[in-house]
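Just below is one structure, and these are the notes that go with it.
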Amino acid sequence: MKTGLLWRGLAAGFLLVIALGMVDVRTKTTEQAPAAATSPVAGTQPFLRLKADCLDYGFYQANGEWQSSETDLGRVVALFFSASWCKPCGEMLPWLNTLRQQYENSGLVLTFLVLDAETQAFELYLQKRKISLTYAHLPNAVLGKSLGLQGLPTLFIISRQGRLVKKLEGLRNREKVESELLSLLRQE
């Protein structure tokens with residue numbers, strides 16, 4: 001009798017932890033990632049930290065590859081914070097995806113950071129629109145708060161040297177975004 005109560009209590013506690021967003025059962029760990037994924041430390045958790053004018057980050061993309069400020073050094077990086085429920089984010093996805101395809105051979109890395117609690121809605125959105133892009137699921141709202149995100153969509157633009165150059169919120173001015181990226185891509 002007590003064993004049954006114990007198991008029900010553990011199950012209820014686990015469901016509560018998931019509901020509160022404290023654990024993401026879909027997050028990939030080193031043990032689950034494909035062999036091609038490279039992580040500096042086994043079991044490394046996603047992180048985003050602002051250090052002076054540099055953004056230090058590391059996370060697994062949805063395809064299992066490890067992406068970090070170290071692996072992206074020497075390239076211009078744009079990190080797009082979005083969510084499936086964010087209408088302006090959805091409006092920007094096709095345009096940003098085209099921009100990524102246009103400039104990826106010039107050294108642009110554009111990664112979509114999905115802050116949804118679940119990735120299913122975002123994955124369905126992509127499938128419906130036949131958009132193929134690089135994204136990472138970062139459901140922990142603390143990561144966004146630690147970077148001072150005031151809302152979505154937000155785009156962080158990082159130079160080839162790893163310096164945070166711009167933090168653009170709202171992204172209403174597409175010409176400004178493209179101009180900033182082109183300026184950085186021209187620099188060596």
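Which of the numbered conditions does Lys145 fail, given that it passes all the others? Conditions: (1) charged (D, E, K, R); (2) assigned to a loop (DSSP other than H, G, I, E, B); (3) modelled with pLDDT under 85.
All conditions pass for Lys145, except number (2).
Sort out which residues of the stretch 158-188 are touching an Asp or Glu at 6+ places or on another chain (Cβ under 6 Å) and not basic (Lys, Arg), and write them in order of number.
The one that is touching an Asp or Glu at 6+ places or on another chain (Cβ under 6 Å) and not basic (Lys, Arg): Leu164.
Looking only at the stretch 158-168, decide whether some residue is under 16 Å from Cys89 (Cα atoms) and not in a strand (DSSP E or B).
no
So that you can scan it fast, the table gives a plain yes or no per residue for (1) modelled with pLDDT of 85 or more; (2) under 10 Å from the mean Cα position of the chain (by Cα); (3) closer than 18 Å to Pro88 by Cα:
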| site | (1), (2), (3) |
| --- | --- |
| Tyr103 | yes, no, no |
| Gly107 | yes, no, no |
| Thr111 | yes, yes, yes |
| Leu115 | yes, yes, yes |
| Ala121 | no, no, yes |
| Thr134 | yes, yes, no |
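Looking only at residues in the stretch 56-74 that are of a type outside the set (Asp, Glu) and farther than 22 Å from Pro153 by Cα, which one is farthest from the chain's Cα centre (by Cα)?
Gly74
Specify which of the listed residues (Leu126, Leu96, Leu152) is outside any helix (DSSP H, G or I) and aliphatic (A, V, I, L, M).
The conditions single out Leu152.
Among the residues of the stretch 154-162, are any more than 24 Å from Arg49 (Cα to Cα) and either of a type in the set (A, V, I, L, M, F, W, C) or modelled with pLDDT under 85 (or both)?
Within the stretch 154-162 (the criterion being more than 24 Å from Arg49 (Cα to Cα) and either of a type in the set (A, V, I, L, M, F, W, C) or modelled with pLDDT under 85 (or both)), the answer is no, since none of the residues qualifies.
Hey, among Leu124, Leu185, which residue is surrounded by fewer than 18 Cβ atoms within 10 Å (Cβ to Cβ) and farther than 28 Å from Ala52 by Cβ?
It is Leu124.
Condition first: in a loop (DSSP other than H, G, I, E, B) and at pLDDT 95 or above. Now tell me which residues in the stretch 72-93 satisfy that.
Of everything in the stretch 72-93, those that are in a loop (DSSP other than H, G, I, E, B) and at pLDDT 95 or above turn out to be Asp72, Leu73, Gly74, Arg75.
The values are calculated or read from the model by the stated rules, or taken from the named source; none is laboratory data. Everything numeric here is computed off the predicted structure, so don't read it as measured data. Quick reminder, even Gly has a Cβ in these numbers, built from the backbone with ideal geometry, and neighbours come from all protein chains shown.
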